[in-house]
Amino acid sequence: MTAEILRVHPDEPEQHHIETIVASLNSGNVVALPTDTFYGLAVDPVNLHAVDRIYDLKARARHKPLSLLIAEVSQAYELARQLDSAFDRLAEKFWPGPLTIVVKAGSKLPLRVTANTGNLALRVPEAAICRAVVARLGLPITATSANLSGYPECTHAMGVFDQLGDQVPLIVDGGPTARSTATTIVDLSGGGNSWMILREGAIPTHEIALALQH
């Protein structure tokens, strides 16, 4: 298998291309596409065979949940439970953007996606292609970085092709990603407006703290 490369406009994605991407996801395929940080690997999160394929491709530990991209904040309320004012503040200030928020999972998605942790890692990306795919699919998509374990993350489609071109059927080329820094991950799953930084990335910790103080 050699991946097909599909050129899509990064800011105004062509609807017929979005249909092609969604059809591939609906067929259970792994699709590489640009997020606003790195290129990511997307699957339909309720297709457990496809979810397993990502873990295999990445040689990723099964206890690590996959982060999910959503199209708008309202989707988080459908997928998660016990969202509090800390979530609302962070979502309002930093979404769309490079902030991943870990929250308690609702019952809509399979436990396999949460790696049996009962938590979801959610993000509304700035990348228009991702949001258009999610809106058309009607489900979030996974967003783990499109690279082999131990290799660098990719900011261009050809980097993905070099690493995974014989592993995935479709690579969406939306040009270079807007950033080359990973998302910041903040964990709100403890509830009670408690929070913890799991990874500092594009958004510094002090900005998170400031947003949560007000």
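What to note about this one:
- Sequentially through the stretch 26-33, phi angles give Karplus couplings (6.51, -1.76, 1.60; θ = phi - 60°) of 5, 7, x, 7, 8, 10, 8, 8 Hz, Gly and Pro residues having no value and appearing as x.
- J(HN,Hα) series, the stretch 101-107, from Karplus relation 6.51 cos²θ - 1.76 cosθ + 1.60, nearest Hz, glycine and proline x: 10, 8, 9, 6, 6, x, 9
- Potential extension, Glu4-Asn26 segment - 0.36 nm per residue separation minus Cα distance: 6.2 nm
- Projected label points at Ala178 and Glu72, each 7 Å from Cα along the beta carbon direction, are separated by 1.8 nanometres.
- Amide H contacts of Leu170 (H built 1.01 Å from N, in plane; Pro and chain starts excluded): Glu4, Ala32 sit under 5 Å, all sequence-distant by 5 or more or on other chains.
- Only helices enter this figure: runs of n ≥ 4 DSSP H residues, each worth -39500 (n - 2.57), summed and divided by the residues of the chain, yield -9000 deg cm²/dmol at 222 nm to the nearest 500.
- Spin-label pair Arg89/Leu198, simplified geometry with 7 Å Cα→Cβ offset, distance in nm: 2.1 nm
- If you run the Gaussian network model on the chain, springs between alpha carbon atoms under 10 Å, then out of Val172, Val46, Val124 the most flexible one is Val46.
- Reducing the stretch 29-70 and the stretch 93-155 to their Cα centroids gives an inter-centroid distance of 8 Å.
- Amide H contacts of Thr144 (H built 1.01 Å from N, in plane; Pro and chain starts excluded): Leu41, Ser67 sit under 5 Å, all sequence-distant by 5 or more or on other chains.
- Potential extension, Ala61-Gln15 segment - 0.36 nm per residue separation minus Cα distance: 13.0 nm
- Highest mean first, the peptides 95-102, 114-121, 174-181 sorted by other C-beta atoms within 10 Å per residue fall in the order 95-102, 114-121, 174-181.
- Translational diffusion of the chain, µm² s⁻¹ [Kirkwood Rh, Cα pairs; Stokes-Einstein; 10 °C; 1.306 mPa s]: 93 µm²/s
- Whole-percent carbon and sulfur share, accessible surface of the stretch 30-108, 1.4 Å: 48 percent
- Highest to lowest packing among 28-34, 71-77, scored as the average C-beta count within 10 Å: 28-34, 71-77
- Mean Cα-pair separation over length for the stretch 142-205, i.e. relative contact order, pairs under 8 Å, 6 or more apart, %: 22 percent
- Under a model in which nothing but the beta-carbon of Lys, Arg (+1) and Asp, Glu (-1) is charged, the stretch 54-136 shows a dipole of about 360 debye around its Cα centre.
The values are calculated or read from the model by the stated rules, or taken from the named source; none is laboratory data. This structure is a prediction, so every number in the text was calculated from the model and none was measured. A quick note on method: Cβ atoms are made from the backbone with ideal geometry, for glycine too, and the neighbour counts reach across all protein chains shown. To get the accessible areas, we keep the full protein, side chains included, count just its heavy atoms, and leave off ligands, DNA and RNA. Shrake-Rupley method; radii C 1.70, N 1.55, O 1.52, S 1.80 Å.
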